[in-house]
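Take a look at the structure set out below.
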Amino acid sequence: MAQTIQLYQQLLEMPLFQGMSHNDLEEVVAHTRFGFLKYRSNKTVVDEGQACTHLLFLLKGSLQTKRFADDRSYSLSEQLDAPELLQPERIFGLTQRYTYTFTTLCECNFIRIDKSEALRLTESYEIFRLNLLNIVTTQSQKLSHLPWRSRPHDTRQKIIRFIANHCMRPVGPKRLDIRMEVMAREIDESRLHVSQQLNAMQQEGLLSFSRGVINIPAFEKLLSSPL
């Protein structure tokens, strides 16, 4: 009984089950095949390019995410904290593969639901179906808005916009592995201007950088920084 109550509480923390009635949750717990996984620190949970055949919920712990540019010229790493659902949009659609590598930063607990079970849940429970649609359509709407934002003209804002466009979440620590000349090319600025702005932001305590690596302790502070 205690394990069932704990599972109820864990499901209610997941975005796909929020708002579901007690009776529906009882049915879900009784008839759904859940996989329970535990990983030690510094273990790869998902590799970039791996087939997405299930929904994976982070229940406890923190993950590092890493994604490369298509030409592998730079990558961005972030931190995700529980509760979190890992790339649910990748279980359907044209490319059903993960685009990030997820690595544990501490001991982490997961619940896994295979695709066949996820399809059954979408057919049987309207709230599950609506929650999944809300997650996917919200992401789609945000992405469709990106090309219509006004283009930044200040070098600092170009750097910040470039990083923001590649983030899963606009908060928390980030690590950008990128050469200065690649950054300059990507934002259409001179290498000198990029270097000057990175030095200025480092002096303000907003980031630190060394050869090919930019570390940002709290991206929200960088977003709110004055020009």
Once you have the Cα-Cα distance between Gln196 and Ala69, take 0.36 nm times their residue separation minus that, and quote the gain in nm to one decimal.
43.3 nm
Quick check for you: with a 1.4 Å probe and neighbouring chains kept, what is the accessible area per residue of the chain, in Å²?
56 Å²
Kindly state, to the nearest 0.05, the FRET efficiency for Arg120 paired with Ala164, given R0 = 45 Å and r defined as their beta-carbon distance.
0.75
For region 1-75, shape from the Cα gyration tensor axes a ≥ b ≥ c, cut at a/c of 1.5 then a/b versus b/c, turns out prolate
Taking only Cα atoms and a 10 Å spring cutoff, compute GNM fluctuations for the chain and point out the largest among Asp70, Asp24, Asp177.
Asp70
At 7 Å along Cα-to-Cβ for each site, give me the label-to-label distance between Ala51 and Arg129 in nm.
2.7 nm
Tell me, what % of the accessible area of region 29-82 is carbon and sulfur with a 1.4 angstrom probe?
42 percent
Above-threshold pairs, the threshold being 20 Å between Cα atoms, out of Lys66/Lys174; Lys66/Lys115; Lys60/Lys221:
Lys66/Lys115; Lys60/Lys221
Cut-off under 5 Å, modelled amide H: who pairs with Tyr100 long-range
Gly49
Only Cα pairs within less than 10 Å get springs; with that Gaussian network setup on the chain, which residue of Glu89, Glu117, Glu78 has the largest fluctuation?
Glu117
Accessible area in the full protein assembly, largest first, 1.4 Å probe, for Leu11, Leu133:
Leu133, Leu11
Given backbone amide H placed at 1.01 Å from N, residues whose amide H is under 5 Å from that of Tyr74, ignoring those fewer than 5 places away on the same chain, are Ala69
Can you compute the helix-only [θ] at 222 nm over the chain? Use -39500 (n - 2.57) per DSSP H run of at least 4 residues, normalise by all residues, nearest 500 deg cm²/dmol.
-12000 deg cm²/dmol
What list of ³J(HN,Hα) couplings, whole Hz, do you get for region 207-224 from phi and the Karplus terms 6.51, -1.76, 1.60, once you set θ to phi - 60° and write x for glycine and proline?
7, 9, 9, 10, 4, x, 9, 10, 10, 10, x, 8, 5, 4, 6, 5, 4, 8
Share of Cα-Cα pairs in the chain beyond 23 Å, in percent?
55 percent
Note down the relative contact order for the chain as a percent, whole number, built from C-alpha pairs under 8 angstrom at least six residues apart.
21 percent
Nearest-0.05 FRET efficiency for Glu220 and Arg97, computed from C-beta distance (R0 22 Å)
0.15
Residue-level accessible surface for Met168, protein heavy atoms, 1.4 Å, Å²
50 Å²
Can you give the longest stretch of the chain with no exposed loop site, where a site means trypsin sites (Lys or Arg not before Pro) in a DSSP loop (not H, G, I, E or B) with at most 16 other C-beta atoms within 10 Å?
73-148
For a Förster distance of 30 Å, can you work out the FRET efficiency between the beta-carbons of Ser21 and Glu107, rounded to the nearest 0.05?
0.40
If the chain between Lys43 and Leu7 were fully stretched, how many nm would it gain, using 0.36 nm times the residue separation less the Cα-Cα distance?
10.5 nm
Would you mind checking which residues have amide H under 5 Å from Glu107's amide H? H placed 1.01 Å from N; only 5 or more apart, or other chain.
Ser41
A correct Karplus calculation of ³J(HN,Hα) over region 98-105, with 6.51 cos²θ - 1.76 cosθ + 1.60, θ = phi - 60°, whole Hz and x for Gly and Pro, returns 5, 9, 10, 9, 10, 10, 6, 9
Lys43: which aspartates and glutamates have alpha carbons under 13 Å from its alpha carbon, excluding same-chain residues fewer than 8 sequence positions away?
Glu107
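The values are calculated or read from the model by the stated rules, or taken from the named source; none is laboratory data. Remember, predicted model here, so these are calculated numbers, not experimental data. Heads up, the Cβs are rebuilt from the backbone with ideal geometry, glycines too, and the neighbour counts pull from every protein chain shown. Please note that ligands, DNA and RNA were not included when accessible areas were found on the heavy atoms of the full protein model with its side chains. Shrake-Rupley method; radii C 1.70, N 1.55, O 1.52, S 1.80 Å.
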